[in-house]
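Reading through the structure tokens given below for one structure.
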Amino acid sequence: MAILVRAKDVTKKYGGQIAVDGISFAVRRGEIFGLLGPTGAGKSTTIAMLATLLAPTSGIIAFEGMDLTQNAAHLRHVIGIVPQELALYPTLSARDNLVFFGELYGLRGRALETRIDETLELLGLTERATERVETYSDGMKRRVNLAAGLLHRPKILFLDEPTAGVDPQSRNAIFENVEHLNRQGMTILYTTHYMEEAERLCHRVGIMDRGKIIALDTSQNLIRLLGGSIIHVGMIRQTTAWHEPDGLLNDLRVLPEITSAQWHTDRMIIQTHNAAAALAGIANAFQSAHEPMRSLEILEPNLESVFLHLTGKSLRD
């Protein structure tokens, strides 16, 4: 597939703080590309730069080969953005909100009315289109927010945590809308900190942490690279000195079922190609080292365990 958007060595600084740290990636025409990472990873800042709302401190962003910063005014008409925070007027109806946003994109008259009708129908909002947005559920507000980003038929749609704060039924409706739009040919960049959303929706996923993209591939390939399960053992230390338990680490690393073992603050992160077979050896190693277990959790291969393996922490941390 042809490249629609390319970012190369893009950095964003606020004073001495680095929000996005030299990231490079490309979004292909017709795909759903996901940015997966915890809150504060730099996902929203990345989207803001791609959507021309923020200028990068350094690096290059190109849309269909055109420099984004030099052609921002033109390119805003082919970019749709649905921000994490609702960008709606609560005392206006859904239809009146869409009239306002449509006119911002230069739509007028019958063409605007037709697009509003089509978008309301697509997102299941027609029956309540004349009611004030403040009377809507959070899920309905999210759908109006999505509708505002679709009115001008953008070439690419940026969705920043679009399911934040919505109920499961509304979340599933948003998933179906995203999938439908993509089947119609729309390119979508989707940010989330929910790994199940990335696994369901995204053709490729960039995993972000602390402003960097630390892995990028299809969900299946990222999980395949992990090569097994992660066992997460919480520990109760017997002293106030939280140094690495070197003896226990060495005992774990020589077990035949274990491919790696790492100490992280108050827990041991163990990678294994056979979790069931490894448990007895792990228990014996902890007992021999006189290290009590506080908890034990087996994470089967998924994007959550990939993130844990790469960073030593879960997406919820």
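So for region 35-56 (the condition being surrounded by fewer than 16 Cβ atoms within 10 Å (Cβ to Cβ) and charged (D, E, K, R)), does at least one residue qualify? No; the residues of region 35-56 include none that is surrounded by fewer than 16 Cβ atoms within 10 Å (Cβ to Cβ) and charged (D, E, K, R).
Residues checked against (1) over 12 Å from residue 302 (Cβ atoms); (2) of a type outside the set (A, V, I, L, M, F, W, C):
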| site | (1), (2) |
| --- | --- |
| 179 | yes, yes |
| 182 | yes, yes |
| 185 | yes, yes |
| 190 | yes, yes |
| 202 | yes, no |
| 205 | no, no |
| 209 | yes, yes |
| 213 | yes, no |
| 218 | yes, yes |
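Picking from residues in region 289-313 that are at pLDDT below 80 and surrounded by fewer than 16 Cβ atoms within 10 Å (Cβ to Cβ), the one that is farthest from residue 235 (Cα to Cα) is 300. Being more than 24 Å from the chain's Cα centre (by Cα), free of Cβ contacts under 8 Å to residues at least 60 places away in the same chain and part of a helix (DSSP H, G or I), is that true of even one residue in region 226-246? So far as region 226-246 goes, yes, one or more of its residues are more than 24 Å from the chain's Cα centre (by Cα), free of Cβ contacts under 8 Å to residues at least 60 places away in the same chain and part of a helix (DSSP H, G or I).
Is it the case that residue 12 is buried (at least 16 other Cβ atoms within 10 Å of the Cβ), farther than 27 Å from residue 166 by Cα and in the same structural domain as residue 191 (by TED's automatic domain parsing)? So residue 12 fits the description; yes. Can you tell me which residues in region 160-170 are among the charged types (D, E, K, R) and closer than 17 Å to residue 32 by Cα? Across region 160-170, the qualifying residues are 160, 161. Contact map, region 285-304: first residue over 30 Å from residue 205 (Cα atoms), second residue part of a helix (DSSP H, G or I) and hydrophobic (A, V, I, L, M, F, W, C), Cβ cut-off under 7 Å, separation 6 or more or different chains; pairs are 285/248; 285/252; 286/248; 289/248; 291/248; 293/286. Taken across region 270-288, residues that are touching a helix residue (DSSP H, G or I) at 6+ places or on another chain (Cβ under 7 Å), surrounded by fewer than 18 Cβ atoms within 10 Å (Cβ to Cβ) and modelled with pLDDT of 90 or more do occur, with at least one present.
Quick grid of which residues meet (1) at pLDDT below 95; (2) surrounded by 18 or more Cβ atoms within 10 Å (Cβ to Cβ):
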residue: 78; (1), (2): yes, no
residue: 82; (1), (2): yes, yes
residue: 85; (1), (2): yes, no
residue: 92; (1), (2): no, no
residue: 96; (1), (2): no, no
residue: 104; (1), (2): yes, no
residue: 121; (1), (2): yes, no
residue: 131; (1), (2): no, no
residue: 134; (1), (2): no, no
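The values are calculated or read from the model by the stated rules, or taken from the named source; none is laboratory data. What you see is a predicted model; the values in this text were computed from it and never measured. Don't worry about glycine lacking a Cβ; one is built from the backbone with ideal geometry, like all the others, and counts go over all protein chains shown.
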